[in-house]
Structure formats: C-alpha cells, structure tokens
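S.K.: Got a structure here, written out as structure tokens. Questions coming.
The values are calculated or read from the model by the stated rules, or taken from the named source; none is laboratory data. Just so it is clear, the model here is predicted, and its values are computed rather than measured. Neighbour counts are summed over all protein chains in view; Cβ atoms, including those assigned to glycine, are modelled from backbone coordinates with ideal geometry. Ligands, DNA and RNA are excluded from the accessible area calculation, which covers all protein heavy atoms including side chains. Shrake-Rupley method; radii C 1.70, N 1.55, O 1.52, S 1.80 Å.
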Amino acid sequence: VQLQASGGGLVQPGGSLRLSCATSGSIFSSARMGWYRQAPGKQRELVATISTSGNTVYADSVKGRFSIFRDKAENTVYLEMNSLKPEDTAVFYCNALTTSRNLWGQGTQVTVSS
C-alpha cells in the first residue's frame, strides 16, 4: 500500500476529525498531496490539495473549516476538519500526484450525524 489513510469515523455536527495519509519518502517529497471525497450517488470531488512547497487549494465548501498540512518528518499529509456538517459525510480518499504517477489510497469513511 503506497498511501495509507486513516482517521475517519462518526462525529456529531459541529465536531472535528483529523484524517491522516502516510506514504513513502520518495512519494511524499515529489507529490502534490490531496484529499478528495465521494458522497453516495455523487462524483468524487476535490476537498483540498497541498503542493511540495506548501501551496494549498480548497474547495469552496470547506474553506475556513478544513485545513490541509504536510509533516515532512512523518511523510504524512493531514486533513484537519472542523465544524463538520452532515453534508460532509462521504468516503475520503488520499491522493498523491507526481509527474509520472497518480496514486490513490483506500477510502476512509467520515459520517457526520447526530
């Protein structure tokens, strides 16, 4: 497994979760890392990405609530999710994009419900 995602779960509206995606150093150092999500009956959509230089991009729906960051020492990218809403419920996927590879991790379920 080249991308190992974890951290999903069940949380109440307004709650927080942190997703993690660990990979190898060779992938981490050269890849734009990102998180995507797919809700039931919907297409997979971008949530957030972070370049090797730390530039970030967020979907409008998560701006101000989610934060993506990289830990070089751990070769891990995190997605900090705050103020979660029921509409955030989805399977979240980690992605690593390099000039030659487009890698996906296994999904991790995030359910926001009371």
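S.K.: Please list, in order along the stretch 100-114, the HN-Hα scalar couplings obtained from phi with the Karplus expression 6.51 cos²θ - 1.76 cosθ + 1.60 (θ = phi - 60°), rounded to whole Hz, x for Gly and Pro.
M.R.: Ordered by residue, 3J(HN,Hα) equals 10, 9, 10, 9, 10, x, 6, x, 10, 7, 10, 10, 10, 7, 8 Hz.
S.K.: Skip the ligands, DNA and RNA, and give the accessible area per residue of the stretch 5-114 with a 1.4 Å probe, whole Å².
M.R.: I get 50 Å² per residue for the stretch 5-114.
S.K.: Full-extension gain between residue 12 and residue 103, please, as 0.36 nm times their residue separation minus the C-alpha to C-alpha distance.
M.R.: 29.7 nm
S.K.: What is the extension gain from residue 43 to residue 56, computed as 0.36 nm multiplied by their sequence separation minus the C-alpha to C-alpha distance, in nm to one decimal?
M.R.: 2.5 nm
S.K.: State, as an integer percentage, the relative contact order of the chain based on alpha-carbon contacts under 8 Å between residues 6 or more apart.
M.R.: The value is 37 percent.
S.K.: Counting pairwise Cα distances across the chain, what percent come out greater than 16 angstrom?
M.R.: 54
S.K.: Accessible area of the chain with a 1.4 Å probe: how many percent of it is carbon plus sulfur?
M.R.: Its accessible area is 47 percent carbon and sulfur atoms.
S.K.: Quick one: putting +1 on the C-beta of Lys and Arg, -1 on the C-beta of Asp and Glu, what dipole do you get for the chain around its Cα centre, in Debye to the nearest 20?
M.R.: Charge dipole, the chain, about its Cα centre: 140 debye, nearest 20.
S.K.: Treating only the Cβ atoms of Lys and Arg (+1) and Asp and Glu (-1) as charged, compute the dipole magnitude of the stretch 58-114 about its Cα centre; round to the nearest 20 debye.
M.R.: 140
S.K.: Lysines within cross-link reach of residue 42: Cα-Cα under 19 Å, excluding same-chain residues under 8 positions apart?
M.R.: 85
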